[in-house]
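Worksheet: the structure to be examined is printed underneath.
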There are 2 protein chains.
Amino acid sequence: MKWHELGEMDCPIARSLSILGDRWTLLIIRNAFMGTRRFDDFQKQLGITRHLLSDRLNRLTEKDIFTKVRYQDAPKRYEYRLAEAGLALYPIILMLTKWGNIWLNDDNSHPPLQVIHKPCGHVTDPQLRCSECGEELHARDMAPFVDKVG
Amino acid sequence: MKWHELGEMDCPIARSLSILGDRWTLLIIRNAFMGTRRFDDFQKQLGITRHLLSDRLNRLTEKDIFTKVRYQDAPKRYEYRLAEAGLALYPIILMLTKWGNIWLNDDNSHPPLQVIHKPCGHVTDPQLRCSECGEELHARDMAPFVDKVG
DNA sequence: TTTCATAAGTTCTGTTTTAGAACTGACAAG
DNA sequence: CTTGTCAGTTCTAAAACAGAACTTATGAAA
């Protein structure tokens, strides 16, 4: 199965991964959340090749995750800003961070990456909660996906 | 930068993506959450090549995301079960699902994938909430990551 | 007692993707 | 008129992936 075929599957995870499922895409988006907007800044911060960065930014712009905005006229220069669908990726970034902090910090050599929730002013531990009862969600408590597997 | 070098970065997202950042890994894990445990079942359900599946299962076992368990002696047969670190990936799977449901369902042709929270018995909309004030977390309300970018 | 079926891989060949470095084009400043 | 900035594009070699066939161990069927 080719990558682009994934995007046509009747499964939202497969469709998500057809866009996000590679080594670089979510790192580019992470840096966008930290304020990076310009080609050369992404490139220097990430160490990604210019070729791939160009490809990924185009793809993400096409999918309306980034918006390409002209910020200068002569010469014409563009920057990339998170669009709505891009901003909506924040929970995924946050949960990847939390998982990495907990499960890939073998010797506690890495200080945990912390985030502040500005409205309440505290360092927050992001939790996944049920919209109906408010309890934290755990894999064991969930009914299996009702989805086509194949 | 090579893939394995990502895992050595001082950033939990980079470390997470050094394991999860490809087309297949999270799909394999999704199917594991749906109850799949055996090589051939993963292979048939996903349409992944046997070579890649073998490689990914080994990698994930090495990283203690799966546990390889012998379920038969003659001939020796093994199955793959989610270990603790694997079960902890559930929020990521759930948020990828939610994002795909909302943002990659252009013509509403795909019925949303729904999950039931067994303790309360309702179909739940998983929400990311602050551990301190209980409010839902949004990108705009968060203080920028305090992390090494490069 | 060959033959088929099952399960979990491994091997092979050809195609695609990626890494790394150099190059381009439009302009500005010294 | 040389150097620097920014946003890319082009090139080549290396790595990863797709698709199909093959292997190994066993039990059941013809």
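The values are calculated or read from the model by the stated rules, or taken from the named source; none is laboratory data. Quantities reported herein were computed from a predicted structural model and do not represent experimental measurements. Methodologically, a virtual Cβ is constructed for each residue, glycine included, from the backbone with ideal geometry; neighbour enumeration extends over all protein chains shown. These area figures cover heavy atoms from the full protein model, side chains too; ligands, DNA and RNA do not enter into them. Shrake-Rupley method; radii C 1.70, N 1.55, O 1.52, S 1.80 Å.
Points to keep in mind about this one:
- Some residue of the range B:104-118 being β-branched (Val, Ile, Thr), open to solvent by 60 Å² or more (accessible area, probe 1.4 Å) and more than 7 Å from chain A (Cβ to nearest Cβ): no
- Of all residues in the range B:55-85, those being open to solvent by less than 50 Å² (accessible area, probe 1.4 Å) and within 12 Å of DNA strand D (Cβ to nearest atom) number 1.
- Among the residues of the range A:1-17, those that are within 14 Å of DNA strand D (Cβ to nearest atom), at the interface with chain B (Cβ under 8 Å from one of its Cβ atoms) and buried (at least 18 other Cβ atoms within 10 Å of the Cβ) comprise A:Leu6, A:Ala14, A:Leu17.
- Every condition in (1) touching a residue at least 24 places away in the same chain (Cβ under 8 Å); (2) among the aliphatic types (A, V, I, L, M); (3) outside the structural domain of A:Val123 (by TED's automatic domain parsing); (4) outside any loop (DSSP other than H, G, I, E, B) holds for A:Met95 except the one numbered (3).
- The range B:93-112 - residue that is among the aliphatic types (A, V, I, L, M) and touching a Lys or Arg at 6+ places or on another chain (Cβ under 9 Å) and, of those, nearest to B:Lys68 (Cα to Cα): B:Ile93
So that you can scan it fast, the table gives a plain yes or no per residue for (1) at pLDDT below 95; (2) among the basic types (Lys, Arg); (3) in a loop (DSSP other than H, G, I, E, B):
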site	(1), (2), (3)
B:Asp107	yes, no, yes
B:Leu113	yes, no, yes
B:Cys120	no, no, yes
B:Leu128	no, no, no
B:Cys133	no, no, yes
B:Pro144	yes, no, yes
B:Val149	yes, no, yes
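- Residues in the range B:38-52 that are surrounded by 13 or more Cβ atoms within 10 Å (Cβ to Cβ) and away from chain A (no Cβ under 12 Å) were compared, and the one that is nearest to DNA strand D (Cβ to nearest atom) is B:Phe39.
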